[in-house]
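K.L.:
One structure, as structure tokens, below. Some questions next.
What follows is calculated from the coordinates using simple rules that are stated; it is not laboratory data. Treat the numbers as computed from the prediction; the structure is a model and nothing was measured. Note: ideal-geometry Cβ built from the backbone for every residue, glycine included; neighbour counts use all protein chains shown.
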Amino acid sequence: MGIFDRFKSQGWDKAKGMSDTAEKKADEKTGDKYETQVDSGQQQLHRRTGMDEGRPPEQP
């Protein structure tokens, strides 16, 4: 594993943590009223950025 791969992995880990935090705050603010929409948006973000289980990001 090269140095750039290590930085990329660390970046994805940090971004995933930030995404989880944002999801929790959105759920708290809305009283879980839009939980499914927020979760769906987070899953789509992870899929498009390649943060879901090491799959490559989708191309627009």
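K.L.:
Between a residue in region 36-47 that is surrounded by 14 or more Cβ atoms within 10 Å (Cβ to Cβ) and any residue that is charged (D, E, K, R) and assigned to a helix (DSSP H, G or I), which pairs come within a Cβ distance under 8 Å, given they are 6 or more apart or on different chains?
P.N.:
Going by the 8 Å Cβ cut-off, the qualifying pairs are V38/E23; V38/D27; Q42/D20; Q42/E23; H46/K16.
K.L.:
Here is a check on your reading of the model: is E28 part of a helix (DSSP H, G or I), in contact with a helix residue (DSSP H, G or I) (Cβ under 8 Å, 6 or more places away or on another chain) and among the acidic types (D, E)?
P.N.:
no
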